[in-house]
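Presented below is the structure to which this report refers.
The values are calculated or read from the model by the stated rules, or taken from the named source; none is laboratory data. Just so you know, these numbers come straight off a predicted model, no measurement behind them. Heads up, the Cβs are rebuilt from the backbone with ideal geometry, glycines too, and the neighbour counts pull from every protein chain shown. SASA here: full protein model, heavy atoms, side chains in, ligands and nucleic acids out. Shrake-Rupley method; radii C 1.70, N 1.55, O 1.52, S 1.80 Å.
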Amino acid sequence: MQLKRARIAVTLFASASLALSGVPATAFADDPADLQSKVNDAYSTLMTYSNELEAANNELYQLQSDLESVQAEIQQTEADIEEKQQELEQGQAELSQRLAETYKQNSSNSTLSVVLGASDFEELLSRVYYANSMANRDAELIDQVKQTQQELEQKKSDLATQEQEQQQLVSDQQQKTEDIQSKVSEQQSYYNSLDSELQTALAEEAARAAAEQAAAEEAANNNQGGGSDNGNSNNDNGGSGDNGGSNDNGGGSNNGGSNNNGGSSNNGGSSGGGGSNNNTDSGNAPSSVVDIALAQVGKPYVFGTEGPDTFDCSGLVQYSYKRVGISLPHSSQAQCNLVKNKGHLVTNTSYLSPGDLVFWGYGGSSSSIYHVGIYIGGGRYVHASSPGVGVITSGLSSNSRNFVGGGSPV
């Protein structure tokens, strides 16, 4: 059979390609329904890896932010050390000048000038006390500056050690993120090869059904006198027509349909299962971001991008809010943290307003966010779903344990 031979050729090619990419190859079944099942499974795995990648990127973002904070503190400490150094030098200069002037006075007017210059005994005591106090105070100030300077130097040393440790954490997380990115890329190739085989099988199945239908119709037209046989032939044609219906079903669960369903279920298409925090105030999100985000529907998903041609989930949010003059971080976890810190996180979807962000995290935890979208009203949200799907709209429901909640980040 030609379809089978074609499948064998594609299978051998795909097996060789997948072996090179490190993804185990699976012999493709002849039945398009079996292929569809494999496509769905491959897509589900792709979604899992994509969510892991988003979570790893969130962790990397946080570690990089921590490193930047340490480096900023080091810069401030260096500035403080410089300031204390200037104070120390100024104090030492003033003390030296005062001692020099006193020496000159003692040299020119004798060491008894302070005593002889006093009009009475009380003034003499006052002068001596004042001179001693000034000297003691100068010495104390210089000691304090020296001590502060030493403390700052120690702080700088500690921060330098902390910076090295933080840089190592960032480096380790970068490697982890790159490893997951490789898994996503390999799985994407695997999914694409399966999907391509499915489309080929569906097209060949449709062509075969059409050929059988045409042959049956031609036979019916040529056999005018066989009424009973014609009826049977027509009945057979009806059976062939059922084949066409089968093809339509395959087309219905085609790549696009499978992707949208997969995007909805894996990226948080269902929601509301994050529990309740009794908060009803989701804030005042700018509803104008909805039209901006909806204008991106159909554009591809590419991890780490923020438009204008491709997006990942937090990149779409960042892009949409930036267009209305609001700066947000490119991290779904950091975006969720903003909503929480504002006190705007609601878990009941009935309290959401257009423009609010909606989040999904492992086990419904707000500290393990892996996906974000923008609520558009009517129980739906727009989001950069996943590789192969891109920016789509999906519905919110109330039965996902991974739904965290939503609200305004401003």
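So, of the residues in the stretch 361-395 that are open to solvent by less than 30 Å² (accessible area, probe 1.4 Å) and more than 18 Å from the chain's Cα centre (by Cα), which turns out to be nearest to Phe303 (Cα to Cα)? Filtering the stretch 361-395 for residues that are open to solvent by less than 30 Å² (accessible area, probe 1.4 Å) and more than 18 Å from the chain's Cα centre (by Cα), the one nearest to Phe303 (Cα to Cα) comes out as Ser394.
Any idea how many residues of the stretch 311-353 are of a type in the set (Gly, Ala, Ser), within 23 Å of Gly379 (Cβ to Cβ) and in a loop (DSSP other than H, G, I, E, B)?
Residues in the stretch 311-353 being of a type in the set (Gly, Ala, Ser), within 23 Å of Gly379 (Cβ to Cβ) and in a loop (DSSP other than H, G, I, E, B): 1 in total.
Which of the residues that make up the stretch 148-178 are hydroxyl-bearing (Ser, Thr, Tyr), at pLDDT 85 or above and more than 31 Å from the chain's Cα centre (by Cα)? Result: Ser157, single match.
Being part of a helix (DSSP H, G or I), open to solvent by less than 30 Å² (accessible area, probe 1.4 Å), in contact with a Leu (Cβ under 9 Å, 6 or more places away or on another chain) and modelled with pLDDT under 85 is true for just one of Val145, Val184. Which residue is that? Give the steps one after another, and end with the answer.
Working: Val184 fails: modelled with pLDDT under 85.
Testing whether each residue is part of a helix (DSSP H, G or I), open to solvent by less than 30 Å² (accessible area, probe 1.4 Å), in contact with a Leu (Cβ under 9 Å, 6 or more places away or on another chain) and modelled with pLDDT under 85 leaves just Val145.
Within the stretch 278-292, the set of residues being part of a loop (DSSP other than H, G, I, E, B) and of a type in the set (Asp, Glu) comprises just one member, Asp281. Select from the stretch 371-402 the residues that are under 20 Å from Asp281 (Cα atoms), at pLDDT 90 or above and touching a helix residue (DSSP H, G or I) at 6+ places or on another chain (Cβ under 6 Å) and list them in ascending order. The answer is Val372, Ile374, Ile376. In the stretch 120-142 there is at least one residue that is more than 26 Å from Val70 (Cβ to Cβ), out of contact with any strand residue (DSSP E or B) (no Cβ under 6 Å at 6 or more places or on another chain), modelled with pLDDT under 90 and not in a helix (DSSP H, G or I). When Glu153, Glu178 are checked against the criterion of being open to solvent by 80 Å² or more (accessible area, probe 1.4 Å), out of contact with any Asp or Glu (no Cβ under 8 Å at 6 or more places or on another chain) and in contact (Cβ under 8 Å) with a residue 60 or more places away in the chain, a single residue qualifies: Glu153. Residues in the stretch 72-85: is at least one farther than 30 Å from Gln167 by Cβ and modelled with pLDDT under 85? The answer is no, given that none of the residues of the stretch 72-85 is farther than 30 Å from Gln167 by Cβ and modelled with pLDDT under 85. Out of Pro354, Pro329, Pro308, one residue alone is without any contact (Cβ under 8 Å) to a residue 60 or more places away in the chain, open to solvent by 10 Å² or more (accessible area, probe 1.4 Å) and of a type outside the set (Phe, Trp, Tyr). It is Pro308. Quick one: is Asp41 open to solvent by 60 Å² or more (accessible area, probe 1.4 Å), modelled with pLDDT under 85 and not basic (Lys, Arg)? Criteria not met by Asp41. Checked against (1) free of Cβ contacts under 8 Å to residues at least 12 places away in the same chain; (2) open to solvent by 60 Å² or more (accessible area, probe 1.4 Å), Ser189 passes all but condition (1).
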